[in-house]
1. Give me log10 I(q)/I(0) at q = 0.15 Å⁻¹ for region 60-204, Debye formula, one equal scatterer per alpha-carbon, no solvent.
2. Say a paramagnetic label sat at a point 7 Å from the Cα of residue 239, along Cα to Cβ; which residues of region 273-300 have their backbone N under 14 Å from it?
3. Based only on other Cβ atoms within 10 Å, what is the fewest-to-most ordering of 128, 297?
4. Sticking with the crude label model, points 7 Å out along Cα→Cβ, report the distance from residue 247 to residue 401 in nm, one decimal please.
5. Which length gain, in nm to one decimal place, applies between residue 125 and residue 162 when the Cα-Cα distance is subtracted from 0.36 nm times their residue separation?
6. Taking the alpha carbon gyration tensor of region 304-441, what are the square roots of 5 times its eigenvalues, largest first, to the nearest whole Å?
7. Using Cα positions and a limit of under 23 Å, work out the lysines in reach of residue 430, with same-chain residues fewer than 8 apart set aside.
8. Can you give the extra length, in nm with one decimal, that the chain gains between residue 415 and residue 302 once fully stretched, where that is 0.36 nm per residue apart less the Cα-Cα distance?
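Derivation of every value follows stated rules applied to the coordinates shown; laboratory data play no part. As the structure is a prediction and not an experimental result, all values here were calculated from the model. Ideal geometry is used to build each Cβ from the backbone, glycine not excepted, and the neighbour counts take in all protein chains shown.
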Amino acid sequence: MDSLDPVILARIQFAANISFHILFPTITIALGWVLLYFKLRWRGSGDVRWQLAYQTWVKVFALSFALGVVSGITMSFQFGTNWPGYMETVGNIAGPLLGYEVLTAFFLEAAFLGIMLYGQGRVSDRMHTLATFLVAFGTTLSAFWILVLNSWMQTPVGFEMIDGKAHPTDWAAIVFNPSFPYRLAHVLLASGLTVSFLIAGLSAWRLLRGDRSAEVQATLRTGLMLAALLIPLQILAGDLHGLNTLKHQPAKVAAMEGIWETERGAGMRLFAWPDAATRSNLFEVQVPGMASFILTHHWDGEVRGLNSFEHHPPVAPLFWAFRVMVGVGMLMLAVSWLGVWQLRRGGEPARWLYRVLVGMSFAGWVATLSGWYVTEIGRQPWLVYGTLKTADAASSVPAPLIGISLGLYLTLYVVLLLAYVSVLFHLMHKAMHAASDQPSTVAQGALA
């Protein structure tokens, strides 16, 4: 352990913490709005299937929200233990932004979450619907402030450095920094896709076990329709985000594409083996000109190579993480559109597609994590791009101590993740029994 770089260990530890944490806000951000949709459908139609859907998935929301809050606390501790130079240098900007998230979003969620979870039948239906809306709005507002800070770290503007510390000069520029709109859209759509496949996957699991209730038919349709709607929007948002990244962080894009030398008409490397030692790809399969066309929208557009930059991120992790994200996205497109096509034909999806949906229940997590790794690793060696290097913000905690805490974190997170998934399927099992107690006549209109 002594031979390991403490900065690398600290980065791995923070990555482990944020990887675990991000799983749960990715669910709650969009699930809050889906719950509001269930609630409004129930109020508008009086159809009990929407009430049952709400009652099932509000439990998933509560579980995810609790784990998201608890896991988020550990990250704030690490600003002091592992990264004291971060707050010392940019605390005048990061501190207020994190404070705004607590004062606006977290207080809003905390104030109305209890009503949303336990108020049904105790407050008016209108008040309960309002509480559901405010909690959903609060989760999105929380994402807004966190992404403001993260985007500012990627494209920092609106500040000046005085005696080695960042001081804000334009809060509007800081909040609406150049990459923020694209990053916000990308994350919100990713949350929507995560939830849509979670709902579709767990609904398919219930159907495979003989649950033919109106509720599960409705939630399956909702998940598939939502996914089919959002994935084209995500592809468009990803393209716009890529163009923005090419403008502000061209080294990140070069690493994502595995391009070492500046090229015109650069080919898109479908597969490659980036080698940092030779500063080249040992093996590659490419489509000529396609990278330039996608990145610059011109077949002969120029794409700067990694060898033209003084600093650039590690290539292999970005190259492969980007392909995992895109590959999962293409799979989401194919599966959701196929499922909707089968539904629109007046029947129901084939059993093999149910099995695929079950296998893709957590596909949104895979895509989100791989995309997050592209974003964060792609910023290296900077913590705040062009302003503060990661190594300059690290603490002097010895590598063995970081390694011990890292091992404890990883062990705890594996246990919690297994427990979370187990509880989700337990909730679905209970929902099957609850749905079976409803009058059979309700099921006859399931595909209406």
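1. Per q value, in the given order, log10 I(q)/I(0) is -0.90.
2. Answer for this model: 291-299.
3. On the way: 128 21, 297 10.
The most exposed by this proxy come first: 297, 128.
4. According to this spin-label approximation, the distance is 4.4 nm.
5. Details: separation 37, 0.36 × 37 = 13.32 nm, distance 5.42 nm.
Answer, rounded to one decimal: 7.9 nm.
6. Working: eigenvalues 352, 123, 22 Å².
Semi-axis lengths for region 304-441 are 42, 25, 10 Å.
7. Within the straight-line limit of under 23 Å, residue 430 reaches these lysines: 39, 59.
8. Numbers: separation 113, 0.36 × 113 = 40.68 nm, distance 4.78 nm.
Full extension from residue 415 to residue 302 adds 35.9 nm.
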